[in-house]
Amino acid sequence: MHCDASCPIGIFDSGVGGLTVARAVMDRLPHERIVYFGDTARVPYGVKSPDTVARYAGEITKFLLDKNVKLLVVACNTMAAVALPAITALSPVPVIEVVTAGAKSALAVSKTRRIGIIATPSTIASRAYEKALALFGGPDVRVVAKACPLFVPLVEEGWLDHPATRLVAEEYLRPLLAEDLDTLILGCTHYPLLAPLLQSVAGPGVRLQDSATAMAERAAAVLAELGLAQGDGAPRHVFHVTDLPLRFREIGERFLGRPMEDVRLEKM
């Protein structure tokens, strides 16, 4: 497999949520082509077993490698938490993932070192964020975590500011806010789409932290180190989904902030 600067970046997620990372990468690296894969037929991943998630992740990794990508960006927190070894074992190109980036960015902004995590059940069960926060932040970091399985289907439905979503958010966040947090990690790439609603529920004293910007900076650094950064041109991005491409485009354009001109349906 030969890659040069003209090869695209591969970004993948269980559905529409990884577009938050894709947008940050597009903003930071405006000349890079992106091949995005959203597994919209099998979302949500966060309620599936680690073995199933690893199998799905392997299939998507092979698909993107066949597109001759020069970098793999694992935008799905669940895949990063439970399937990273399966992904890296398959990939001859560098792999970057959201958990490490999210943990480091939360530690950088937290003043009290009291950090909350909301994520899918699989990510919470893996304790990946707790391990990363302990590794990079030391033993004095106070961490509380909560699985929020209903958020992904609500985002996929497009209910970003719906009364039902607010009720769910209030129920999920209540025990976390009782811990006097100053930082809340949005441990799923779908969750930033709910950021205005979540911020309203959490209040001004809690800073919401996701890993999209940190991931984009890391992607830029890796490509620069390898001499694979694309320096000019107006790239054309391709988006692959496994179900409901028109629905994906409708929701995706709303927060990607630009047209999605090439959305393709794939059967896995």
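Every read-out reported here was derived from the displayed coordinates using simple, explicitly stated rules and does not represent laboratory data. Fair warning: this is a prediction, and the values are worked out from it, not measured in the lab. When we count neighbours, we look across all protein chains shown, and the Cβ atoms used for this are built from the backbone with ideal geometry, even at glycine.
Enter the Cα centre distance for the pair the stretch 86-105 and the stretch 247-268, rounded to the nearest angstrom.
For the stretch 86-105 versus the stretch 247-268, the Cα centre distance is 24 Å.
If you add up the charges near residue 80, with Lys and Arg at +1 and Asp and Glu at -1, over every other residue whose beta carbon is less than 15 angstrom from its beta carbon, what do you get?
Net of charged neighbours comes to 0.
At 7 Å along Cα-to-Cβ for each site, give me the label-to-label distance between residue 220 and residue 266 in nm.
2.7
Hey, what do the phi angles of the stretch 242-256 turn into as Karplus ³J(HN,Hα) couplings, whole Hz, using 6.51/-1.76/1.60 and θ = phi - 60°, x for Gly and Pro?
Once rounded to whole Hz, the list reads 9, 6, 6, x, 5, 5, 4, 5, 4, 6, x, 5, 4, 10, 6.
Return the inverse of the average 1/r over all pairs of distinct C-alpha atoms in the stretch 67-211, which is the Kirkwood hydrodynamic radius, in Å to one decimal.
About 15.6 Å, per the Kirkwood formula over Cα pairs.
Can you tell me the relative contact order of the chain? Whole percent, Cα pairs under 8 Å, sequence separation 6 or more.
With pairs under 8 Å counted, the relative contact order is 28 percent.
Using just the helices of the chain, give the 222 nm mean residue ellipticity in deg cm²/dmol: DSSP H runs with n ≥ 4 each add -39,500 (n - 2.57), and the total is spread over all residues, rounded to 500.
Details: 12 runs with 123 residues, N = 268.
That comes out to -13500 deg cm²/dmol.
With no solvent and one point per C-alpha, what does the Debye sum give as log10 I(q)/I(0) for the stretch 173-268 at q = 0.19, 0.22, 0.23 Å⁻¹?
Results for the stretch 173-268 at q = 0.19, 0.22, 0.23 Å⁻¹ read -1.06, -1.14, -1.16.
Mean 1/r over all different Cα pairs, inverted: what Kirkwood radius does the stretch 19-149 give, in Å?
Taking the inverse mean of 1/r over all distinct Cα pairs, the stretch 19-149 comes out at 15.7 Å.
For residue 108 and residue 246 in the same chain, what is the full-extension length gain: residue separation times 0.36 nm, less their Cα-Cα distance, in nm?
Here the answer is 45.8 nm.
Peptides 104-114, 73-83, 29-39: what's the order by average Cβ count within 10 Å, highest mean first?
73-83, 29-39, 104-114
Using only the Cα atoms of the chain, what do you get for the radius of gyration and for Dmax, in Å?
Expressed in Å, the Cα Rg and Dmax of the chain come to 17.5, 52.
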